[in-house]
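First up is the structure itself, then whatever we jot down about it.
The values are calculated or read from the model by the stated rules, or taken from the named source; none is laboratory data. Please read all numbers here as calculations on a predicted model, not as lab measurements. Methodologically, a virtual Cβ is constructed for each residue, glycine included, from the backbone with ideal geometry; neighbour enumeration extends over all protein chains shown.
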Amino acid sequence: MKRVIVGLSGGVDSSVTAYLLKEQGYEVIGLFMKNWHDDSVTISDECPWLDDSNDALLVAEKLGIPFQTVDLSEDYKERIVDYMFNEYEKGRTPNPDVLCNREIKFDVFLKIALSLGADYVATGHYCRKDTILSEGKEVHRLLAGKDGNKDQSYFLCQLSQDQLSKTLFPIGELLKSEVREIAKEQNLITADKKDSQGLCFIGKVRLPEFLQQKLKPKKGKIVEIPASIAKYKKTIPSFVSKEEELLFKSSKYEYQLSDGHVVGEHQGAHYFTKGQRKGLGVGGTPEPLFVIETDVDTNIIYTGQGKSHPGLYRNVLFIRNDELHWVREDLQLKEGEKMNVLARIRYRQPLDIAVLHKTKEGMYVEFETDQSAITEGQFVAWYQEDELIGSGVIS
């Protein structure tokens, strides 16, 4: 009997994961990860960890499996929260959920599970895994979940072959409605529990207040940039090489105060992210204002009216070599090579046709259509059909 340790979060997905594995004949142990102590920034009724751990315990009792809680808050603070502060300070926007999977669930948690004699860990993610032979070697494929509406492969885009080899995703073949149905049939307390929102493990957080623990408020100007300024009408030069063209197209617009006019004040450029609409506190414009750029050095937020403002769009992004990751190491590109893929720059975004171009310094991702609010610090993930093969941090 193989031993599986399930990350029981107190939600319906991980509850059904544990049930299905037990049905399949595995020896199942439930482990609840406690990763956060500070309630001062949590919108507490959204994701109180105490209620979650109680629900996880009740599910374990109902299924007749051993259960314990592990406190990973020190690792979480060090690997996720400090990293987030650091990225926001630099004016980048991190994705804590992707990091949480790479650093906590499939690293710290996985190591604990293996020390408890586990053959596998399992989570309630809506994605699938299969294993093929490539040149006589086992290769694990990370596939999108069957429920297109819930597919969470994007959040696992940083996993390695080693991590995948020890992981099971039992609900990846099911629709969310089927998962809830199973939970109801088994009388699991989590059957109708609504999905938690917000940061992995922390719950819904008031982000500015959360960031203010480390990044002090600092008054600055909100500047509106008209869609008609000259730099949006620049003529495209002729390029001597494809790489030169990609560099040109991936470069973001640089703004000065004189490009627009001041329309308001903010409490710190590092609290805002590209594409953001809420929280600016500026009214009276025909169309709502969107953040098109933040400058943490001058502490200025540049905005534009409407979601079709030209300052929001470009179709090429760049990933540095040290922030490039291949789930399928056997498919990685060498310098000068390119590959046709489908890609997305955020969770739940429809996949878009793109071409990867590998250069000496890193890799360009060239989309067929313009992307809105390409944001540094976020992850771009690329697929072949429904298989996620790699990802990188947008630089």
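Out of (1) of a type in the set (S, T, N, Q); (2) within 30 Å of L116 (Cα to Cα); (3) within 20 Å of the chain's Cα centre (by Cα), the odd one out for S165 is which? Unmet condition: (3). For I132, the test of being in contact with a helix residue (DSSP H, G or I) (Cβ under 9 Å, 6 or more places away or on another chain), of a type in the set (A, V, I, L, M, F, W, C) and surrounded by fewer than 19 Cβ atoms within 10 Å (Cβ to Cβ) is failed.
The residue that is modelled with the lowest pLDDT, among those in the range 34-57 that are out of contact with any strand residue (DSSP E or B) (no Cβ under 6 Å at 6 or more places or on another chain), outside any helix (DSSP H, G or I) and of a type outside the set (F, W, Y), is I43.
Conditions (1) polar (S, T, N, Q); (2) crowded, with 22+ Cβ neighbours inside 10 Å; (3) touching a strand residue (DSSP E or B) at 6+ places or on another chain (Cβ under 9 Å); (4) in contact (Cβ under 8 Å) with a residue 40 or more places away in the chain, marked per residue:
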residue: R141; (1), (2), (3), (4): no, no, yes, yes
residue: F155; (1), (2), (3), (4): no, yes, yes, yes
residue: S165; (1), (2), (3), (4): yes, no, yes, no
residue: G172; (1), (2), (3), (4): no, yes, yes, yes
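Filtering D130, D75, D97, D82 for residues that are closer than 26 Å to L331 by Cβ and assigned to a helix (DSSP H, G or I) leaves a single hit, D97. A Cβ distance below 6 Å, combined with a sequence gap of six or more or placement on separate chains, defines the contacts here; from the range 282-303, residues that are under 15 Å from G260 (Cβ atoms) and touching a residue at least 40 places away in the same chain (Cβ under 8 Å) reach residues that are of a type in the set (K, R) and assigned to a strand (DSSP E or B) in the pairs I300/K221. Residues in the range 306-353 that are small (G, A, S) and under 23 Å from the mean Cα position of the chain (by Cα): 1 in all.
Count of the range 113-124 residues, restricted to those that are crowded, with 17+ Cβ neighbours inside 10 Å and assigned to a helix (DSSP H, G or I), is 1. For the range 95-105, the count of residues that are farther than 30 Å from I301 by Cβ, of a type outside the set (K, R) and out of contact with any helix residue (DSSP H, G or I) (no Cβ under 8 Å at 6 or more places or on another chain) is zero. Counting the residues of the range 133-150 that are of a type in the set (S, T, N, Q) and part of a strand (DSSP E or B) gives 1.
Tell me whether the range 314-329 contains one or more residues that are within 19 Å of Q161 (Cβ to Cβ) and crowded, with 21+ Cβ neighbours inside 10 Å. The answer is yes, given that some residue of the range 314-329 is within 19 Å of Q161 (Cβ to Cβ) and crowded, with 21+ Cβ neighbours inside 10 Å.
If the requirement is being of a type outside the set (A, V, I, L, M) and surrounded by fewer than 16 Cβ atoms within 10 Å (Cβ to Cβ), which of these qualifies: D370, D295, D386? None of the other options fit; the residue is D370.
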